[in-house]
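One structure is given here, and the rest of the page talks about it.
The values are calculated or read from the model by the stated rules, or taken from the named source; none is laboratory data. Only a predicted model underlies this, so the values are computations on that prediction, with no experimental measurement involved. Positions of Cβ are generated from backbone atoms using ideal geometry, with glycine treated the same way; all protein chains shown enter the neighbour counts. The accessibility values were calculated without ligands, DNA or RNA, using every heavy atom of the protein model including side chains. Shrake-Rupley method; radii C 1.70, N 1.55, O 1.52, S 1.80 Å.
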Amino acid sequence: MARRLPVLIDARGSRQANASHRLASAAPSDIRLRNRTAVMRALYPYDSHSRAELAKLTGMSKVSTSDVVAELLDDGLLVEGAYKTPHGPGKPSQLLRFNASSGAIVSIDLSDVTRLRGVVVDLSDKVMHRAEIALPHGGRLEPTEVIGLCQRLLDMCDVRVIGIAIATPGTVNDEGLILEAPNLGWVDMDLADGLHALIDCPVVVTNDADAAVFAEGYFGGGVSDMILVQIADGVGAGLLIDGNVVRGKGFTAGEIGHVVMSDGVRPCVCGKTGCLETIVSSPVLDAAVEERPDDAERIIARAGEELGRALAMPVALTNITHVVFSGPSRLVNRTMVEAAQSTIDLLTKSRFLDEVHVELSTIGEDAAMLGAAGMVLRRVLAVL
Ligand SMILES: [Zn+2]
């Protein structure tokens with residue numbers, strides 16, 4: 001069995017945290033981790049290079065490159081493949097590639113009130129196994145159900161598990177403590193303790209919209225600046241700027257669901273009246289469509305207009321050019337996107353502002369789970 005992988009960066013999992021840590025103390029162990037990261041990033045996820053090419057790409061000496069490669073081969077994170085014949089004279093060199101099947105991540109999404117869903121992904125974030133539990137209608141999600149599903153997914157893993165990821169609605173702090181998740185009825189919920197009791201590995205608990213925008217940025221369209229709006233039981237947004245998720249000082253960046261809209265009239269769970277969530281969340285839209293099935297198209301278009309109105313200001317404020325909608329396809333579809341697009345265009349268009357593109361999530365309903373797993377990849381392997 002390969003040895004346990006060292007965790008490369010701190011609990012925040014951000015590039016900045018990693019960089020400042022390295023600058024503060026360049027101990028031999030830091031240099032070793034930096035070299036490992038450089039080699040893995042050069043190969044991740046599907047590139048192949050020889051040792052000599054890796055030395056050139058990373059700026060490391062040939063000796064250091066060979067040492068790091070030997071260590072990563074020993075860890076199972078790299079594998080040797082075909083030989084490459086040089087154009088000129090010289091020996092053929094063996095190509096190396098990242099071994100995505102050398103580990104797994106278990107990732108669970110808590111944002112759907114009807115079911116608890118989980119996946120096992122490999123180290124390229126590809127889904128290998130799935131499991132889900134139906135939740136009783138209106139029932140409160142118990143932490144034991146999350147831990148139970150996690151155990152089921154762990155039982156499906158036949159390789160080492162490098163981390164567990166949880167995408168949850170609500171506010172989550174840097175330590176992964178769920179400060180408040182009104183839709184789950186949770187306050188100061190610590191899932192990590194129960195999960196650590198199952199397996200000794202890093203646990204990343206993150207807001208579902210933050211996770212989804214991370215996935216969209218790294219595994220979706222490859223856009224590094226975007227707002228992702230998640231329409232589920234509640235409405236939340238994730239903000240990606242320069243490839244980093246913006247979480248805010250109190251970890252509430254993107255909590256747009258409880259901002260009061262001027263034409264909102266319904267009472268909200270938060271105590272206010274007319275929050276965005278009372279106008280465009282899945283349960284609200286589903287109920288409206290159920291009541292007036294012939295009006296479905298118009299109800300969804302109206303929701304798109306409301307979202308466009310809500311997003312026009314942050315779009316102009318940040319110069320973000322991509323807005324992505326994610327949610328159930330019966331509601332979050334072309335009709336919604338087109339209505340939001342024309343509203344944003346109408347409200348923001350000027351020769352000073354860049355064109356804004358409103359799109360559907362390319363990843364779909366797995367986005368939060370894949371993004372949370374991606375955060376484990378960033379934290380444990382630093383490849384993202
Ligand atoms: Zn509210």
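Quick rundown of the values:
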| quantity | calculated |
| --- | --- |
| Antiparallel bridges, percent of DSSP beta bridges restricted to segment 222-361 (to nearest 5) | 55 percent |
| The chain: most fluctuating residue of ALA197, ALA165, ALA212 per GNM, C-alpha cutoff 10 Å | ALA197 |
| Choice from PHE325, PHE251, PHE214 showing the highest fluctuation, given a GNM over the chain with Cα pairs closer than 10 Å | PHE251 |
| Carbon plus sulfur fraction of accessible area for segment 74-129, probe 1.4 Å, in percent | 54 percent |
| Qualifying trypsin sites (Lys or Arg not before Pro) for segment 190-275 [loop in DSSP, other Cβ within 10 Å: at most 10] | LYS249 |
| Within the chain: Cβ-based charge dipole about Cα centre, in debye rounded to nearest 20 (Lys, Arg +1; Asp, Glu -1) | 1540 debye |
| Contact order relative to length of segment 15-99, as percent, for alpha carbon pairs under 8 angstrom and 6 or more apart | 30 percent |
| Reference-scaled alpha-carbon Rg (2.2 N^0.38 Å with N residues) for segment 15-99 | 1.16 |
| Selection from ASN183, GLY220, ASN207 lying farthest towards where the dipole of segment 174-227 points positive, charges on Cβ | GLY220 |
| Charge sum, other residues only, whose C-beta stays under 12 Å from SER64's C-beta, Lys/Arg counted +1 and Asp/Glu -1 | +3 |
| Farthest toward positive dipole pole in segment 15-99 [+1 Lys/Arg, -1 Asp/Glu at C-beta], among ALA42, SER66, VAL79 | ALA42 |
| Label zone at ARG130 (point 7 Å along Cα-to-Cβ), backbone N below 17 Å, segment 319-338 | 327-330 |
| Value of [θ]222 nm, deg cm²/dmol, for the chain, DSSP H segments ≥ 4, -39500 (n - 2.57) each, nearest 500 | -12000 deg cm²/dmol |
| Neighbour-limited loop hits for GluC sites (Glu not before Pro), segment 299-384 (at most 14 other Cβ within 10 Å; DSSP other than H, G, I, E, B) | GLU355 |
| Alpha-carbon centroids, segment 211-237 and segment 271-345: separation in whole Å | 15 Å |
| Three-way shape label, segment 266-384, alpha-carbon gyration tensor, a/c 1.5 | oblate |
| Accessible surface, 1.4 Å probe, highest first, among residues MET40, MET156 | MET156, MET40 |
| Segment 222-361, relative contact order in percent, only Cα pairs under 8 angstrom and at least six apart counted | 23 percent |
| Per residue value of the accessible surface for the chain (all protein chains in place, 1.4 Å probe), Å² | 46 Å² |
| Lys, Arg +1 and Asp, Glu -1 on Cβ, resulting dipole of segment 240-298 about Cα centre, debye, nearest 20 | 440 debye |
| Unit charges at the beta carbon, dipole of the chain: most positive-side option, SER101, THR343, VAL358 | SER101 |
| Förster radius 30 Å - calculated FRET efficiency between ASP67 and SER329, Cβ distance, rounded to 0.05 | 0.05 |
| Nearest-20 debye value, segment 222-361 charge dipole, Cβ charges on Lys, Arg, Asp, Glu | 340 debye |
| Inter-probe distance in nm under a simple model that places probes 7 Å from Cα toward Cβ, at ALA316 and ARG41 | 3.8 nm |
| Percent antiparallel among DSSP beta bridges (both partners in the chain, rounded to 5) | 65 percent |
| Peptides 166-176, 77-87, 57-67 ordered by average Cβ neighbours within 10 Å, highest first | 166-176, 57-67, 77-87 |
